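Data first, discussion second: the structure below is written as structure tokens.
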């Protein structure tokens, strides 16, 4: 068993930024990078909306630079996955995938959220090559092009509406014969001439030479299934995200979806000394720059807590 002053669980913009701030406060942070070091951003291509990079930067490269900065300042970065926790009382207990037991005076949870996919092999094949789960992140690359969005809820309608400001044509692929979105969002989508809703339609696969050029679709009708190909340049998933909070949920308060509940603008959870930063506590924005900011706040709050002045 090893005791740690500040343990950061998860990497990505929130985790790395928290580590940078924690090091500067002499908190000697230890970071467990998790199953995907660098988080979701490592699977994207060029990031153009992160400040400081006028020519854009590859998502993987951005995370590598953050990692190097955190490490250079003194973060003990470990390639380990937290598999179990006991946050019933301080010091808090965390177990990793190699059965190592750690105790910590304070913890920053920065495990992110995982986009839900349809489960198609082609989604993996074209990930970053036309397949995306973030219209705000990648929509810019589809100016004047044709894209498809999968989903029928508020998120899908919001993504389709956003993309319609950039793309020439947006198809909204909806499995059911109706939209689940709020009335306002439905009206916005159905009244948008650049959005065409394909009801009772599912995606069977994607195709393209090196990048997405189309989707294999099936429309379920009263007369039977109609299979056809739809020419598109981009394929956006908007069927939700799953916050990576399972191992904390017996202790930390979450909403009905699993996002960790924090206290207003502060990254405090219901457990003293346990903080949440990034997408695991953000069902609304899910942006790298927002996650980085929340990581900074979490480290600042952890510093105050460890000094006994967290008020």
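Scanning region 196-255 for residues that are in contact with a helix residue (DSSP H, G or I) (Cβ under 9 Å, 6 or more places away or on another chain) and in a helix (DSSP H, G or I) yields a single hit, 248.
Residue-wise test of (1) buried (at least 18 other Cβ atoms within 10 Å of the Cβ); (2) within 20 Å of residue 118 (Cα to Cα); (3) in the same structural domain as residue 47 (by TED's automatic domain parsing).
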| residue | (1), (2), (3) |
| --- | --- |
| 142 | yes, no, no |
| 154 | no, yes, no |
| 161 | yes, no, no |
| 184 | no, no, no |
| 188 | no, no, no |
| 194 | no, no, no |
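Restricting attention to region 161-181, the residues that are in contact with a helix residue (DSSP H, G or I) (Cβ under 6 Å, 6 or more places away or on another chain) and free of Cβ contacts under 8 Å to residues at least 40 places away in the same chain add up to 7. Scanning region 274-311 for residues that are part of a loop (DSSP other than H, G, I, E, B), under 18 Å from the mean Cα position of the chain (by Cα) and over 19 Å from residue 248 (Cβ atoms) turns up 284, 285, 287.
Only one residue in 247, 232, 239 is surrounded by fewer than 19 Cβ atoms within 10 Å (Cβ to Cβ), touching a strand residue (DSSP E or B) at 6+ places or on another chain (Cβ under 7 Å) and in contact (Cβ under 8 Å) with a residue 40 or more places away in the chain. Which one? Can you show your working first?
Working: 247 fails: surrounded by fewer than 19 Cβ atoms within 10 Å (Cβ to Cβ); 232 fails: surrounded by fewer than 19 Cβ atoms within 10 Å (Cβ to Cβ).
Among 247, 232, 239, only 239 is surrounded by fewer than 19 Cβ atoms within 10 Å (Cβ to Cβ), touching a strand residue (DSSP E or B) at 6+ places or on another chain (Cβ under 7 Å) and in contact (Cβ under 8 Å) with a residue 40 or more places away in the chain.
Among residues that are assigned by TED's automatic domain parsing to the domain that holds residue 302 and surrounded by fewer than 24 Cβ atoms within 10 Å (Cβ to Cβ), residue 42 is included. Among residues of region 139-155 that are over 16 Å from residue 167 (Cα atoms), those with a beta-carbon under 9 Å from a residue that is in a strand (DSSP E or B) at least six positions away or on a different chain give the pairs 151/172; 151/173; 151/236; 151/237; 152/172; 152/173; 152/197; 155/241.
The values are calculated or read from the model by the stated rules, or taken from the named source; none is laboratory data. Keep in mind that this is a model prediction, so the values were computed, not measured. Don't worry about glycine lacking a Cβ; one is built from the backbone with ideal geometry, like all the others, and counts go over all protein chains shown.
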